[in-house]
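This report concerns only the one structure given below.
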Amino acid sequence: MEDEELAFFENEEFFNTDNKSSDKEKKDISELFEEYKSIIYTVLFYSFGLFVGSYFYKMASTELLDSLLKPESQSIINLFVSNFCIYFSLFLLVVFLGFCLIGYPIINIIPTVIGLVTGIRAAFFFTNYSVKGIGYSLVMLVPYIALFLTVIAFTIKLSTSLSKQLISLTKNTDEHAELSLKPYIKKYLIFALCITITSLLEAGLTNLLFTIVTI
């Protein structure tokens, strides 16, 4: 009888251990999602923009639009300046939204716009140049979009955190409560440097591929 009771309690302890382990795994997944929630949203909104952009080109393709999308050979300096102005403008917009109280609810407009433009360009290459256009998209669009989107995703994560901190600060009744901006500014400067490097890499890669691939 004692052996049966002992076995019963051992089995009960075993099941309790399993339940605790399962609860811990659920908690870890929940914490992981919460940590990278803004990055996941960035990817989702970018994917949505990509789909809408490709569909938009198929519905609204015109000679004028094609002339605007057709790439032209340029010097590395011109490509770098053009890329930097566009990328840094979007970066500054994300930073600006981070300092706004209403920034984090609307900040995912940025990856949607990036996806929209990328979808239009990819659809242009595929529609007009078939297999050659697919190859061009893979070597000309995917690398720098991946780099730029990664930087923007982490910038959005930082700006979302800052915006939420500002909202919490306005609701805090403690007069001594304050927000240290130094860590945020430091990270923003690092991301700005990454934007510069991404623009330079894209300019070099595009210029190089124009000597190999012709459209």
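The values are calculated or read from the model by the stated rules, or taken from the named source; none is laboratory data. Quick caveat: nothing in here was measured; it's all calculated off a predicted structure. No Cβ is skipped: glycine too gets one built from the backbone with ideal geometry, and neighbour counts run over all protein chains shown. These area figures cover heavy atoms from the full protein model, side chains too; ligands, DNA and RNA do not enter into them. Shrake-Rupley method; radii C 1.70, N 1.55, O 1.52, S 1.80 Å.
Before moving on, here are some points about what is shown:
- Residues that are modelled with pLDDT under 90 and among the hydrophobic types (A, V, I, L, M, F, W, C) were ranked within segment 186-203; the one that is farthest from Ser82 (Cα to Cα) is Leu201.
- A count restricted to segment 204-215 and to residues that are modelled with pLDDT under 80 and under 23 Å from the mean Cα position of the chain (by Cα) stands at 2.
- Of the helices (runs of 4 or more DSSP H) lying entirely inside segment 67-185, those containing at least 1 residues that are basic (Lys, Arg) and either over 24 Å from Val43 (Cβ atoms) or out of contact with any Cys (no Cβ under 9 Å at 6 or more places or on another chain) (or both) span 109-140, 142-171.
- Residue match in segment 40-60 (condition: free of Cβ contacts under 8 Å to residues at least 24 places away in the same chain, open to solvent by 40 Å² or more (accessible area, probe 1.4 Å) and part of a loop (DSSP other than H, G, I, E, B)): no
- The one condition in (1) surrounded by 17 or more Cβ atoms within 10 Å (Cβ to Cβ); (2) within 27 Å of Ala203 (Cα to Cα); (3) aromatic (Phe, Trp, Tyr) that Phe96 fails to fulfil: (1)
- When we screen Ser30, Ser89 for residues that are at pLDDT below 80, of a type outside the set (Val, Ile, Thr), open to solvent by 50 Å² or more (accessible area, probe 1.4 Å) and closer than 30 Å to Lys187 by Cβ, the only hit is Ser30.
- Within segment 74-99, residues that are over 20 Å from Thr118 (Cα atoms) reach partners that are in a helix (DSSP H, G or I) and among the aromatic types (Phe, Trp, Tyr) with beta carbons closer than 6 Å, at six or more positions or on different chains, in the pairs Val95/Tyr188.
Table: residues versus (1) open to solvent by less than 20 Å² (accessible area, probe 1.4 Å); (2) in contact (Cβ under 8 Å) with a residue 60 or more places away in the chain; (3) not hydrophobic (A, V, I, L, M, F, W, C).
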{"residue": "Val117", "(1), (2), (3)": "no, yes, no"}
{"residue": "Leu138", "(1), (2), (3)": "no, no, no"}
{"residue": "Phe154", "(1), (2), (3)": "no, yes, no"}
{"residue": "Thr170", "(1), (2), (3)": "no, yes, yes"}
{"residue": "Ala192", "(1), (2), (3)": "yes, yes, no"}
{"residue": "Thr206", "(1), (2), (3)": "yes, yes, yes"}
